[in-house]
Structure formats: structure tokens, C-alpha cells
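**Student:** Before anything else, here's the structure in question.
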Amino acid sequence: MKKVNVLYWVSTVLLSVFLGMGAVSDAMKAPDAVALFGQLGYPEYLLPFLGIAKLLGVAAILIPGFPRIKEWAYAGLTFDLAGAMYSTLAAGGPVSGALFFVAVFAVLFGSYALYHKRRNAASRSLADQSGELAGSKAQPRATA
């Protein structure tokens, strides 16, 4: 379980740093982000919306609990990343640039898979503990 926790947090922090840095520059309309968005053919007003949405998604995967919101956050970040990869390639970006996106997808999917592995392990552990408690109560007492 410890190995799963370490791998989960490493992949999740890497993902959060990558997406969070991009989200901040998008939300603040950094000149580089505006230039890239212009090259892709998107309007500038969309930049802060996407940046704030990414920041909320990163926050959702970092904050413990809220499993349904986490699922939506992982889905939203996947769609954002897929759209960014498609837009880059459709706008004439180099195919070799897709390797960068593939690496980020790998980290995203690793974080997501490890999140579920942690949840399942925690629920099994909780079930085992409650089963032990129930088992100790269910045993009949010997009468003398």
C-alpha cells in the first residue's frame, strides 16, 4: 500500500505542477499563452476560462475526499489535454510535439489508476476491519 501511495502522490504532484503552471499563465493571460492561443486560432477571451477551469481541476484532484468531483476533474483534465494535443497537431505543429502530450497523458492516467487502486485498497481494509469487528461480536459465548 505504501508503494501505491508514493507512486500516486508523485504522479499527481507532477501532473498538478505541469497543469497548474499552464493554468496560471492562461488565467493571467500571459503574453506567451496569448501568442500560442492566437497561433491555434482561438479567441483570447477563452484563455482565462480554461485557466480557471484547469486550476479548479487540479485543486479537486489534490484535495482529499469528494470522489465524484475527482472523477469529473480527471475527465475534464483529460478532455483539456486531448483538445490541446489535437489543436496543436491540427494547427500544423510538429508530430514530435505529440510525444510531450503522450508523456503527460501517461502521468494523468497513472495518477487516475493509482487513485482508484488507493481507494479500493482503503475500502477493502475498512471492510476487513468491520468484518473482524462483526466476527468477534457474532461468536456465541460459552455458558458454564
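The values are calculated or read from the model by the stated rules, or taken from the named source; none is laboratory data. It should be emphasised that the depicted structure is a prediction, and the values quoted were computed from it without experimental measurement. Using ideal geometry, Cβ is built from the backbone for each residue, glycine included, and neighbour counts are taken over all protein chains shown.
This table checks each residue for (1) touching a Phe, Trp or Tyr at 6+ places or on another chain (Cβ under 7 Å); (2) part of a helix (DSSP H, G or I); (3) surrounded by 11 or more Cβ atoms within 10 Å (Cβ to Cβ); (4) touching a residue at least 40 places away in the same chain (Cβ under 8 Å).
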position: ALA59; (1), (2), (3), (4): no, yes, yes, no
position: VAL107; (1), (2), (3), (4): no, yes, yes, yes
position: TYR115; (1), (2), (3), (4): yes, yes, yes, yes
position: ARG118; (1), (2), (3), (4): yes, yes, yes, yes
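**Student:** Is at least one residue of the stretch 19-36 under 11 Å from the mean Cα position of the chain (by Cα) and hydrophobic (A, V, I, L, M, F, W, C)?
**Tutor:** yes
**Student:** Residues ALA98, ALA82: which one is at pLDDT below 95, part of a helix (DSSP H, G or I) and closer than 20 Å to VAL17 by Cα? I'd like the intermediate steps shown before the answer.
**Tutor:** On the way: ALA82 fails: at pLDDT below 95.
The conditions single out ALA98.
**Student:** Give ALA23, ALA33 a once-over and let me know the one that is closer than 22 Å to PRO94 by Cβ, in contact with a helix residue (DSSP H, G or I) (Cβ under 7 Å, 6 or more places away or on another chain) and buried (at least 19 other Cβ atoms within 10 Å of the Cβ).
**Tutor:** Numbers: ALA23 fails: closer than 22 Å to PRO94 by Cβ.
Criteria check complete, one pass: ALA33.
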